[in-house]
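Contents: one structure, followed by commentary.
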Amino acid sequence: MSTLYLVPFGEIPAPVLSYLQRILGERFGYRVETWDRMPLPGQSFDSARGQYHSSLILGHLRKNPPSAA
C-alpha cells in the first residue's frame, strides 16, 4: 500500500490533522502518516494577496525534508 505523508506547517489543530488523515486515506486508498510540524519559511506569506506562496513552502520542504524522509 502506498503512503501519503502530511507535513504540517505552522499551527494546525490536532483534530484537523486527524480529519485530513482519515479523509485522505479514504479518498485515495493510501496509508496516511503525519510527520512533525515544520515552521513556515520566512517570507512565505504575501500580505498583498493574503495568501502563502506554495512554491516557497515546497522549495523549503525539498531543501529541508523531515528526518523520516
| Which one, (i) 1.00; (ii) 1.15; (iii) 1.05, gives Rg/Rh (Cα atoms, Kirkwood Rh) as derived from the coordinates shown? | (i)
| task | Obtain the nm distance between the two label points defined at Met38 and Thr3 by a simple spin-label model: each point lies 7 Å from its Cα along the Cα-to-C-beta direction. | result | 1.6
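For the chain, what is the relative contact order in percent, using Cα pairs closer than 8 Å and at least 6 residues apart in sequence?
Relative CO of the chain lands at 32 percent.
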| task | Multiply the residue separation of Leu58 and Ile23 by 0.36 nm, subtract the distance between their alpha-carbon atoms, and state the gained length in nm to one decimal. | result | 10.4 nm
| message | For the chain, take the longest principal axis of its alpha carbons; what is the angle in degrees between that and the long axis of helix 54-63, to the nearest 10 within 0 to 90? | response | 70
| note | Spelling it out for Leu6: with amide H atoms placed in the peptide plane at 1.01 Å from N, the residues 5 or more places away or on another chain with amide H under 5 Å from its amide H are Glu33, Thr34, Trp35
| task | Quickly estimate the mean residue ellipticity at 222 nm for the chain, helices only: each DSSP H run with n ≥ 4 gives -39500 (n - 2.57), and the total goes over all residues, rounded to 500. | result | -11500 deg cm²/dmol
| task | For the chain, with a Gaussian network of springs between Cα atoms less than 10 Å apart, report the residue from Gly29, Gly50, Gly59 with the top mean-square fluctuation. | result | Gly50
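Every read-out reported here was derived from the displayed coordinates using simple, explicitly stated rules and does not represent laboratory data. No experiment lies behind these values; they were computed from the predicted model shown. We place every Cβ from the backbone using ideal geometry, glycine too, and count neighbours over all the protein chains shown.
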